[in-house]
Amino acid sequence: MKNKTAVVTGGASGIGLETCKLLAEQNYNVVLSDINEEAGRAALMSVKSDGQNHSYITADVSNYEDVKSLMDKTKDIYGTIDLLVNNAGTGGKEYKKTYDLPNDQWDKIIAINQSGVFYGMKVAIGHMVAQGSGSIVNVSSLAGIKGSQTGIDYSASKFAVVGMSKSAALEYAKSGIRVNCVCPGFTETPLLTDGLASSRKDILEKLKWAIPFKRFAQPKEIAEAIVWLGSDKASYITGQTLIVDGGLSI
Ligand code: NAI
């Protein structure tokens, strides 16, 4: 039986890399994509192959031509795109309230976190409609379902991911395409430890205290939810938002 093919954006680090590793364990051909070529190629070496054929392709998700080329190359190499994980994302450098937020930071976060997901879905869906099947998992955040103080840019982009996932799910259900969304809580990756924590050294302990499980997620725990939701085991689920947050949102 032919292996399925999965594309993972932002696959060089954190949640994206753990997702690539799990997909490989489940016999997918994995296309690991990232904006950082050196890190991406190194990451691919840690994705085990048991006869599958994995690839690395550089793409900046905020650039439509890059995303189109990523999907088209994948289709050329493997024949199908069975699963797309729109994972690439970033946080702002400045944690400022609305009035003080620099416009260029707003533009950058929306371009990567929001337009990047739109571009990925737009191009992949073209191929998936033609093949008559496909599954997309978009990575949002707790910041995509709850308000946050000092983060209107990130929050806007992640609420958009939830909305876009539901809209695309409705539009393409008849074409055999499922679109779902995972909202991670605080997860131990460079985005959390280098980003948020570097601006406020005391913040990690305070955040942990607020989480019912009293710990951050490991990236593999988020990857497990992504891979399951993207697989045929979740075949009757579409347009849903799966919150993986150690109970923080409750
Ligand atoms: P990470 O920083 O470990 O990995 C992000 C990856 O995305 C990096 O390899 C980076 O090079 C890549 N990337 C950044 N900009 C890109 C672009 N324009 N095009 C292509 N690739 C790009 O971060 P992490 O934590 O693994 O984040 C993955 C996703 O999870 C993001 O969408 C993030 O917003 C989301 N998330 C993370 C949480 C956390 O606490 N770590 C919580 C909630 C959501």
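The values are calculated or read from the model by the stated rules, or taken from the named source; none is laboratory data. All values derive from a computational prediction rather than experimental measurement. No Cβ is skipped: glycine too gets one built from the backbone with ideal geometry, and neighbour counts run over all protein chains shown. Surface accessibility is based on the protein's heavy atoms, side chains included, excluding ligands, DNA and RNA. Shrake-Rupley method; radii C 1.70, N 1.55, O 1.52, S 1.80 Å.
Nonpolar atom fraction for segment 1-113, defined as the carbon and sulfur part of the 1.4 Å probe accessible area, stands at 49 percent. I'd like the distance between the alpha-carbon centres of segment 125-194 and segment 69-114, rounded to an integer number of Å. Segment 125-194 and segment 69-114 have Cα centres separated by 11 Å.
For Leu142, the accessible surface of its heavy atoms amounts to roughly 20 Å² (probe 1.4 Å, protein chains only, rounded to the nearest 10). How big, in percent, is the set of alpha carbon pairs in segment 60-120 lying more than 14 Å apart? Percent of Cα pairs beyond 14 Å in segment 60-120: 61.
Surface exposure of the chain, expressed per residue as accessible area with a 1.4 Å probe, stands at 49 Å². For the peptides 47-60, 173-186, the ranking by mean Cβ contacts within 10 Å, running from highest to lowest, is 173-186, 47-60. The protection proxy used here, the mean number of other Cβ atoms lying within 10 Å of each residue, ranks peptides 222-233, 205-216 as follows, highest first: 222-233, 205-216. Measuring nothing but alpha carbons in segment 87-226 and taking Rh as the Kirkwood radius, the Rg to Rh ratio lands at 1.01.
If the convex hull of the alpha-carbon atoms of the chain is projected onto planes in all directions, what is the mean projected area in square nanometres? Mind dumping the intermediate values first?
Numbers: hull surface 51.8 nm².
Convex hull of Cα atoms, orientation-averaged projection: 12.9 nm².
Largest GNM mean-square fluctuation among Lys220, Lys96, Lys75, using the chain with Cα springs under 10 Å: Lys96.
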